[in-house]
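The values are calculated or read from the model by the stated rules, or taken from the named source; none is laboratory data. Just so we're clear, the structure is a prediction, and the values are computed from it rather than from any experiment. Methodologically, a virtual Cβ is constructed for each residue, glycine included, from the backbone with ideal geometry; neighbour enumeration extends over all protein chains shown.
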């Protein structure tokens with residue numbers, strides 16, 4: 001009978017090393033998960049986050065903040081307990097080849113406790129949640145009305161003539177930036193021209209859908225002057241991610257100045273200037289869709305004819321941004337790009353509340369103009385902001401386009417139009 005030499009030390013060592021290897025693997029896995037969780041948590045604590053829901057800047061956002069803190073705290077505690085229990089059960093009762101344990105019908109006392117306790121937690125969360133929802137829906141205390149219309153892919157702001165907002169004698173129509181008085185309850189009347197969008201400026205209030213054929217109300221309030229960033233949060237087509245918005249809060253005095261600037265009568269550029277050539281280039285290429293209030297043409301016989309935009313004849317949405325006093329805004333193309341250079345934008349955004357109004361009301365000066373993005377937009381808008389999945393979709397059966405088309409302008413015409421727009425400050 002053949003005999004084999006067996007190293008008993010090796011036999012004893014191999015299972016021991018296997019157990020050590022398993023423990024080390026589990027330790028590394030838990031360490032990796034811990035590091036990943038910590039990194040994820042720290043990533044959510046960025047200080048420079050203009051759309052941070054944890055930094056309320058108005059009464060309505062503060063109500064949401066006061067509600068979400070205890071809710072997140074309760075959910076966090078429950079989550080930690082559940083994860084700890086699951087981890088304990090997985091480790092303590094893992095399968096090691098042991099026989100099947102005796103089956104029972106449970107413990108009635110524990111089951112009743114685990115039914116009542118979650119119900120009490122839900123009641124504790126539900127009552128303040130419902131109360132807050134009703135408080136946020138209150139609009140009787142608003143002092144200023146602004147109509148907001150969403151469309152692919154920009155926001156229009158229409159200030160009707162009213163006694164509110166300190167009194168507005170004639171309608172004001174703008175886009176990109178919602179300008180409102182600070183420390184004032186403002187009523188937004190939200191709707192849409194095409195598909196469902198969602199209006200959200202987290203520092204000032206929660207989300208509200210804009211639905212075609214319906215008007216939804218949203219109360220806005222900013223504690224102090226400044227710019228507050230937002231984003232459309234309902235998928236609305238190819239450039240949904242490029243549909244942004246900004247709310248600009250001004251002191252009462254600065255808001256009066258802003259209104260006066262918006263209602264200022266049109267002044268034609270000086271004859272023979274680059275801006276005057278730009279006015280003609282604008283009329284020939286842009287005025288079909290974009291309105292500039294007060295713009296007119298004069299016939300040889302002296303007849304003055306207002307230049308009125310007719311976007312309903314050219315674009316699917318039937319509307320295009322009003323470019324009257326465009327350079328009083330900081331953004332263009334649905335607030336996707338800045339009209340200001342990064343340095344000038346940083347100066348305005350980071351201005352203290354007492355200095356913000358004066359800087360914002362300066363508008364876009366020639367030295368602060370973001371020439372690069374604006375020229376790219378005028379040169380070929382569809383290449384900068386996607387509007388169609390396929391080039392063949394650039395026109396529908398009725399000959400209407402979606403968004404701004406490429407106008408085929410040369411660099412000289414672009415120079416002229418930019419010079420003209422700069423005079424609209």
Does residue 106 satisfy the condition of being surrounded by 10 or more Cβ atoms within 10 Å (Cβ to Cβ), farther than 30 Å from residue 233 by Cα and modelled with pLDDT under 80?
no
Any chance the range 277-284 includes a residue that's closer than 30 Å to residue 227 by Cα and surrounded by fewer than 21 Cβ atoms within 10 Å (Cβ to Cβ)?
no
Sort through 405, 386, 391 and tell me the only one that's over 20 Å from residue 229 (Cα atoms), surrounded by fewer than 14 Cβ atoms within 10 Å (Cβ to Cβ) and at pLDDT below 95.
391
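Determine which member of the set 380, 396 is surrounded by fewer than 19 Cβ atoms within 10 Å (Cβ to Cβ), closer than 18 Å to residue 320 by Cβ and modelled with pLDDT under 90. Explain how you work it out, then say what you get.
Numbers: 380 fails: modelled with pLDDT under 90.
After ruling out the rest, the residue left standing is 396.
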What are the pairs with Cβ atoms under 8 angstrom where one residue, in the range 290-305, is at positive phi and the other, located anywhere, is part of a loop (DSSP other than H, G, I, E, B)? Sequence gap at least six, or different chains.
294/265; 294/266; 294/324
Quick one: is residue 191 part of a strand (DSSP E or B), at pLDDT 95 or above and surrounded by fewer than 20 Cβ atoms within 10 Å (Cβ to Cβ)?
yes
What's the total number of residues in the range 340-350 that are part of a loop (DSSP other than H, G, I, E, B) and in contact with a strand residue (DSSP E or B) (Cβ under 8 Å, 6 or more places away or on another chain)?
1
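Can you report the number of residues in the range 79-103 which are closer than 30 Å to residue 129 by Cα and either under 26 Å from the mean Cα position of the chain (by Cα) or modelled with pLDDT under 90 (or both)?
Taking the range 79-103 and keeping what is closer than 30 Å to residue 129 by Cα, we get 79-86.
Narrowing the set further to residues that are either under 26 Å from the mean Cα position of the chain (by Cα) or modelled with pLDDT under 90 (or both) leaves none.
Number satisfying all stated conditions: 0.
Sort out which residues of the range 114-169 are part of a helix (DSSP H, G or I) and within 22 Å of the chain's Cα centre (by Cα), and write them in order of number. So that I can check it myself, show each step before the final result.
In the first step, residues of the range 114-169 are kept if they are part of a helix (DSSP H, G or I); the result is 114-136.
Listed by number, the residues that qualify are 133, 136.
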State whether the residues of the range 322-339 include one that is farther than 28 Å from residue 283 by Cα and in contact with a strand residue (DSSP E or B) (Cβ under 6 Å, 6 or more places away or on another chain).
no
So for the range 216-234 (the condition being over 30 Å from residue 362 (Cα atoms) and either part of a strand (DSSP E or B) or modelled with pLDDT of 95 or more (or both)), does at least one residue qualify?
yes
Restricting the search to the range 272-306, which residues are under 33 Å from the mean Cα position of the chain (by Cα) and outside any helix (DSSP H, G or I)?
286, 287, 288, 289, 290, 291, 292, 293, 294, 295
Near pairs, Cβ below 8 angstrom, 6+ apart or cross-chain, from the range 54-71 (assigned to a helix (DSSP H, G or I)) to any residue that is at pLDDT 90 or above and surrounded by fewer than 16 Cβ atoms within 10 Å (Cβ to Cβ)
63/135; 67/128; 67/129; 70/128; 71/129
Looking at 241, 260, which one is within 24 Å of the chain's Cα centre (by Cα), part of a helix (DSSP H, G or I) and either without any contact (Cβ under 8 Å) to a residue 12 or more places away in the chain or not assigned by TED's automatic domain parsing to the domain that holds residue 355 (or both)?
241
List the number of the failed condition for residue 341; all other conditions in (1) over 28 Å from residue 307 (Cβ atoms); (2) without any contact (Cβ under 8 Å) to a residue 24 or more places away in the chain hold.
(2)
